[in-house]
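All remarks here apply to the structure that follows.
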Amino acid sequence: MGPVIQILGPTGAGKSRMALAVARAVNGEVISADSVQVYQGFDIGSDKLDAAERRLIPHHLIDIIPDCAQFNASRFLELSFAAASGIWSRNRVPVVCGGTGLYLTVMMQGIFPETKKSGCREELKRMAVEKGWGALHAELKRIDPEYARKIGVNDHVRLVRALEIHRNSGLPPSEVFRLSCSPFAGCRFIRVGLHVERPALYRAIDARVERMLANGLVDEARGLLRARGAACPPFRALGYKEVLSHLRGEIGLETARELIQRHSRQFAKRQLTWFRREKDIRWLPASDSNAVIALVRQCLSSKP
């Protein structure tokens, strides 16, 4: 197995085009780490590069689901490793591009196989309502003091997930994480984050939403709604869910526009919070492709 390059960052930072530039510079192929771009037809709202641009460099894990099948981190890990193996066999370099932080993380850390018990997460959320989040944190501290020290009482998502892991597996979450294994184990990851100053990032996000709407996002969503129905998983994604509300007559188009922009800015902030916790990411200006390519080349040429 060879090295893996990850080009990551918040929505609106220009990851797709940077990954394309890096792949061209280092004899690479691109693997998308986007939970919506896997679905055929959901093009404008997921901001896919057009087919002509993707023909310049082979792209993987885009348009691989023709229906409404569920796609998750476990499936991504399996398919991304298969794609990377093929890329290595051609003596090329996998360039992973995406903002789905979980997908990027499981490539390195793996996923512990667990048998999920029905209703477990809902039961934990009811417990939080009835007894307070402090009670859940106290339970985590009792079963896994090591992991409880790493997350706060207000980190509701990770707190529920930790207790869910324990109830499903019978093991402390920290032990489960240690037992996790990724097929990429032993690979060298070169992780480059694209930095954009917050005001500029928000302007880019707002402009991108304007461009998506001008390019026909509403018509795209209308056609997909007729063909696949509102229960299709991508309709829960940013951009599509707001347009779906518009198509149902719940909100006007201007309100949908404002909501997509606001939710996109909030999403970018959450992405940055996720990525800032990971200390192995090297951050460079998103506008400086030469610096990114130079860093990647330096890392590829240096000994692990």
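Taken over the stretch 166-206, the criterion of being among the hydrophobic types (A, V, I, L, M, F, W, C) and over 21 Å from the mean Cα position of the chain (by Cα) is satisfied by 171, 176, 179, 200. If only one of 204, 214 is hydrophobic (A, V, I, L, M, F, W, C), surrounded by 17 or more Cβ atoms within 10 Å (Cβ to Cβ) and modelled with pLDDT of 95 or more, which one is it? Only one candidate passes the filter, namely 204. Quick check on the stretch 232-246. Is at least one of its residues surrounded by fewer than 13 Cβ atoms within 10 Å (Cβ to Cβ), at pLDDT 95 or above and over 18 Å from residue 36 (Cα atoms)? Scanning the stretch 232-246 turns up no residue that is surrounded by fewer than 13 Cβ atoms within 10 Å (Cβ to Cβ), at pLDDT 95 or above and over 18 Å from residue 36 (Cα atoms). For residue 149, are the conditions met, namely being surrounded by fewer than 16 Cβ atoms within 10 Å (Cβ to Cβ), within 24 Å of the chain's Cα centre (by Cα) and at pLDDT 90 or above? Answer is no for this residue. Residue under question is residue 272, and the condition is that it be of a type in the set (A, V, I, L, M, F, W, C), assigned by TED's automatic domain parsing to the domain that holds residue 191, under 20 Å from residue 47 (Cβ atoms) and touching a helix residue (DSSP H, G or I) at 6+ places or on another chain (Cβ under 8 Å); does it hold? For residue 272, the condition - of a type in the set (A, V, I, L, M, F, W, C), assigned by TED's automatic domain parsing to the domain that holds residue 191, under 20 Å from residue 47 (Cβ atoms) and touching a helix residue (DSSP H, G or I) at 6+ places or on another chain (Cβ under 8 Å) - is not met. Scan the stretch 206-214 and give yes if some residue there is touching a residue at least 60 places away in the same chain (Cβ under 8 Å) and small (Gly, Ala, Ser), otherwise no. No: the stretch 206-214 contains no residue that is touching a residue at least 60 places away in the same chain (Cβ under 8 Å) and small (Gly, Ala, Ser).
Checking 196, 192 one by one, the residue that is in contact with a strand residue (DSSP E or B) (Cβ under 7 Å, 6 or more places away or on another chain), within 17 Å of residue 8 (Cα to Cα) and buried (at least 16 other Cβ atoms within 10 Å of the Cβ) is 192 and no other. So, residue 264, is that one modelled with pLDDT of 95 or more, surrounded by fewer than 17 Cβ atoms within 10 Å (Cβ to Cβ) and touching a Ser or Thr at 6+ places or on another chain (Cβ under 9 Å) or not? Spelling it out, it is not the case that residue 264 is modelled with pLDDT of 95 or more, surrounded by fewer than 17 Cβ atoms within 10 Å (Cβ to Cβ) and touching a Ser or Thr at 6+ places or on another chain (Cβ under 9 Å).
Within the set of pairs 6+ apart or on separate chains, which have a first residue in the stretch 143-159 that is free of Cβ contacts under 8 Å to residues at least 40 places away in the same chain, a second that is surrounded by fewer than 13 Cβ atoms within 10 Å (Cβ to Cβ), and C-beta atoms under 6 Å apart? Final answer for the pair search is 153/134.
A quick yes/no check of all residues on (1) charged (D, E, K, R); (2) crowded, with 18+ Cβ neighbours inside 10 Å; (3) at pLDDT below 95:
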position	(1), (2), (3)
87	no, yes, no
96	no, yes, no
103	no, yes, yes
106	no, yes, yes
119	no, no, yes
122	yes, no, yes
127	no, no, yes
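Look through the stretch 81-100, keep the residues that are touching a helix residue (DSSP H, G or I) at 6+ places or on another chain (Cβ under 6 Å) and outside any loop (DSSP other than H, G, I, E, B), and return whichever of them is farthest from residue 11 (Cα to Cα). Taking the candidates together, the pick is 93.
Look at residue 6 and say whether it is touching a residue at least 12 places away in the same chain (Cβ under 8 Å) and farther than 23 Å from residue 185 by Cα. For residue 6, the condition - touching a residue at least 12 places away in the same chain (Cβ under 8 Å) and farther than 23 Å from residue 185 by Cα - is not met.
Among the residues of the stretch 13-30, is any closer than 23 Å to residue 108 by Cβ, under 19 Å from the mean Cα position of the chain (by Cα) and assigned to a strand (DSSP E or B)? Within the stretch 13-30, one or more residues are closer than 23 Å to residue 108 by Cβ, under 19 Å from the mean Cα position of the chain (by Cα) and assigned to a strand (DSSP E or B).
One line per residue, one yes/no per condition, for (1) assigned by TED's automatic domain parsing to the domain that holds residue 213; (2) part of a helix (DSSP H, G or I); (3) hydrophobic (A, V, I, L, M, F, W, C); (4) in contact with a helix residue (DSSP H, G or I) (Cβ under 6 Å, 6 or more places away or on another chain):
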| residue | (1), (2), (3), (4) |
| --- | --- |
| 34 | yes, no, no, no |
| 42 | yes, no, yes, yes |
| 55 | yes, yes, no, no |
| 75 | yes, yes, no, no |
| 79 | yes, yes, yes, no |
| 102 | yes, yes, yes, yes |
| 105 | yes, yes, no, no |
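Output the number of residues of the stretch 193-209 satisfying the condition of being in contact with a Gly (Cβ under 7 Å, 6 or more places away or on another chain), part of a helix (DSSP H, G or I), over 13 Å from residue 269 (Cα atoms) and of a type outside the set (Lys, Arg). Total satisfying the criteria: 1. Taking the stretch 231-302 as the region of interest, the helices (runs of 4 or more DSSP H) fully inside it that hold 1 or more residues being among the basic types (Lys, Arg) and more than 19 Å from the chain's Cα centre (by Cα) are 253-276, 289-301.
The values are calculated or read from the model by the stated rules, or taken from the named source; none is laboratory data. The structure displayed is predicted, hence computed values, not measured ones. In this analysis, Cβ positions are derived from the backbone assuming ideal geometry, glycine residues included, and neighbour counts consider all displayed protein chains.
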